[in-house]
Amino acid sequence: KNTVNLNYKDSLITLQHRSLMLTPMSISLDVSQTAFTHMFLENDTKVYIKDKSLYINHTSFDLTNSNLVDLKFVVNSNIDPFLNILLYKKLKHYLLSINGRGELLNAYKVLNNDWTQKLSILSEYFYLKLSHLKKLKLNDYQSEWFDLIGAGEGLTPSGDDFLCGLLISTYFINSHEMIDFRNMLHKNLIHQLDRTTDISKAYLKHACDGRYMEGLIRLYKKCEKKEDINQILDEISAIGHSSGTDLLVGLVFGLELGGIKE
């Protein structure tokens, strides 16, 4: 209903409708979700580019005046530590107050003594992993960080979304220690991407190059400008089945790892 993923040479491209949040792989078509869905009802839909136009069967999109958006994460200045504390408190409260958003979130709730229901096998696995990772310090290199690659269900498994959120946290706390931690994650992630799905592999590859989903960059800019973040948190958490909340769990986990406390 929302995206169609295409392989082009060694890259993955995501076609999507105009109301969907941009990713580093997106080509956003100026059509509604309904129109987008109808374009791909046929099993033999053909997609190709010819004469500076993108064709989906008999519908063409002029690429001449298209805009190129670079979703590179750029840090102009460090966010005030006090604002990071507010963000941490806001994120933690937000995640503990929403329901039905995936197994990783359930594990996070148990970790914070805020969940009384019995965990599934997958949630129990995430709980044990997060419990161990919570004890690590930034300068500890442990293979456990990378046990999360490909862990979980879906086109982008929860463990991969968590790692993306963890990487994002290193931009909010742009200390030397967090930058070193980011470089360590990049160095080791890039060699282990074959352990996950093709789509998640593409996301993680872009993350290692500093490119992330539009919503995460907007969240950073709102924090930088001291603006309200409620709406953007809702937009991020609505991504996929649980991808959005998995990203936010990774972010709040990384903030705590970087020394942010309530």
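To one decimal place, what orientation-averaged projected area in nm² is obtained for the convex hull of the Cα set of the chain?
Answer in nm², one decimal: 15.0.
Can you pull the percent of the chain's accessible area that's carbon plus sulfur, 1.4 Å probe, other chains left in place?
Reported share for carbon and sulfur atoms: 49 percent.
Counting helices only, and only those DSSP H runs with n ≥ 4, report the 222 nm mean residue ellipticity of the chain as the sum of -39,500 (n - 2.57) divided by its residues, in deg cm²/dmol to the nearest 500.
Here the helix-only value at 222 nm equals -14500 deg cm²/dmol.
Which of the lysines could a cross-linker bridge to Lys134, judged by Cα under 23 Å and excluding same-chain residues fewer than eight apart?
Excluding near neighbours in sequence, the set is Lys89, Lys90, Lys92, Lys109, Lys118, Lys187, Lys261.
In the stretch 112-146, which chymotrypsin sites (Phe, Trp or Tyr not before Pro) are in a loop and have at most 15 other Cβ atoms within 10 Å, using DSSP for the loop call?
Taking the stretch 112-146 and a limit of 15 other Cβ atoms within 10 Å, the loop chymotrypsin sites (Phe, Trp or Tyr not before Pro) found are Tyr141.
At a 10 angstrom cut-off on C-beta neighbours, averaged per residue, how do the peptides 9-21, 192-204, 46-58, 239-251 rank from highest to lowest?
Averaged packing, sorted descending, gives the order 239-251, 192-204, 9-21, 46-58.
The values are calculated or read from the model by the stated rules, or taken from the named source; none is laboratory data. Source: prediction; values computed, not measured. Cβ coordinates were reconstructed from backbone atoms using ideal geometry, including for glycine residues, and neighbour counts include every protein chain displayed. For the accessible areas, the whole protein counts, side chains as well, though only heavy atoms, and no ligand, DNA or RNA atoms are used. Shrake-Rupley method; radii C 1.70, N 1.55, O 1.52, S 1.80 Å.
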